[in-house]
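As structure tokens, the structure follows; a few thoughts come after it.
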Amino acid sequence: MNRSKASRDKKAPQSPVTRMTRGSSSQARPTDPAEAQDDGPGPHAKQRRKQTHSALAQDLSQMSVSRLDCLPTSDGDVCRSGGHSSGSGSGRSSRSAPAAKSSSLGGLASVARLVKLGRCRNVVVVAGAGISTASGIPDFRTPGTGLYANLEKYNIPYPEAIFNIDYFSNDPQPFFSLAKALYPGSHRPNYIHYFVRMLHNKGLLLRMYTQNIDGLEKLCGLPEDKLVEAHGSFATAACHLCYTAFPADEAKRAIMNDNVPICTFCAATVKPDVVFFGEDLPQKYFLHTKDFPKADLLMIMGTSLQIEPFASLVNTVRSTVPRLLLNRHAVGPFQKVPLRRGDHMELGDLEDTVRRFTTMLGWNEEIEQLMRTQETPIIPPLGGSLSVSGQTSSPSRGAPEPPGAMETSKSRAGGQRAAIINSGGEEETDSETDSKSSASSCQSN
Ligand code: CNA
């Protein structure tokens, strides 16, 4: 993939969207188009909508509603009935609350019922780091275990600095140190990834939008065209300054050996194509403009919905479309009480929840079988070693690398040859990149 900004801009049908934290991003947040998009796109929309609306209305009316005044949020705080956000002092009194829909009392079952009835054939999945914690990869924000709680060793002024492009530009070492731990290769997809794969196998997945950079979605066999890695991946690399492509395997080798990969074209630091705060999201991200209005079920899993513009995607499905949040905490629009009609959440451990969901759907055996199949030994390339799934540092629940998911990183056409300098000797300035990926890389050197 050509990383030059010029070529990216030329192709871009929309203005580039930059990744930012929610706190700094109000201008990047799309207004909630849910209502506006109610009419749906395309000439068949009206007819389809009529059918779907009446059917959904019937099903939604049967969905259970429970009373919850306080919902846990990602801050460990609560949000209040009446829509006060956490921390708003005056809203904390206990009002006799409007009903809030709870997850555990039927939401999951209701959505499972819709799926079983064939009402959800264009499922969009929105995911974050929480889907990979069962594979042994820490998320960002979970207190205690999240990466942000464990960054002392990187000597950075504030947690987000590690993914800040300007900070990287001046000092890439903190990110490279973290990258060594995050590089794909030592973790396996878990049951949650295979659940999404099963959605695809059943022909129900319109697209998965992931913020994750671990490549586990592809490792479980989700086809490239079903996946949008909105925050990029390690599968490709480029100069952060001039965007000249750089062989991903050479970048990985350098970083793993505490060296700095250097662009031979401009001598700036090369960076894996993970999207940093302040960088544009990949072109593929713009598929959302077509996908979300088409969705008939939105599943949001394992994300704090703190990073824009990604977080606001969840507001771009039609207002009648059921949204199911599976997470430890209420996040984003699910912090407001009462929830939007058709919104459901199931709070708790994600893998447990997904297992309950698939049991309701009658898919559990099939998923287990799929995971077992993926444990088939991989025939290695000439000179390679036999790789058997499951043999990694990931927790027992992780599944192994599927056949065909082996490292495919190759030098891209037009890419510069690697120039690697010892980290002790060099300081580089500037950075940037974009994202995308091919196969997840696991090849170590
Ligand atoms: P986050 O802000 O750390 O939020 C994760 C969410 O998942 C939180 O709300 C957690 O409560 C929840 N969660 C974590 N584990 C579980 C579990 N077992 N069961 C239920 N819920 C759970 O991470 P986001 O994804 O929202 O933030 C986006 C960032 C994180 C992206 O830019 C990623 O690049 C970045 N990230 C990715 C990875 C990865 O690729 N695996 C790891 C760490 C960070």
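We did not get these values from a lab; they are worked out from the coordinates using the rules stated. The structure displayed is predicted, hence computed values, not measured ones. Methodologically, a virtual Cβ is constructed for each residue, glycine included, from the backbone with ideal geometry; neighbour enumeration extends over all protein chains shown.
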Identify the single condition in (1) part of a strand (DSSP E or B); (2) farther than 30 Å from residue 347 by Cα; (3) within 16 Å of the ligand (Cβ to nearest atom) that residue 299 does not satisfy, given that it satisfies every other one. (2)
Scope the range 306-339; condition within 14 Å of the ligand (Cβ to nearest atom) and assigned to a loop (DSSP other than H, G, I, E, B); matching residues: 306, 309, 328, 329, 331
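For the range 122-236, list the helices (runs of 4 or more DSSP H) that sit wholly inside it and hold at least 2 residues that are surrounded by fewer than 21 Cβ atoms within 10 Å (Cβ to Cβ) and either among the aromatic types (Phe, Trp, Tyr) or within 11 Å of the ligand (Cβ to nearest atom) (or both); which are they? Before you say what the answer is, go through the steps one by one.
Working: elements: 165-170, 173-182, 191-201, 216-219.
Filter on the range 122-236 gives 173-182.
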Of the residues in the range 340-354, those that are surrounded by fewer than 18 Cβ atoms within 10 Å (Cβ to Cβ) and either within 13 Å of residue 109 (Cα to Cα) or within 16 Å of the ligand (Cβ to nearest atom) (or both) come to 348, 349, 352
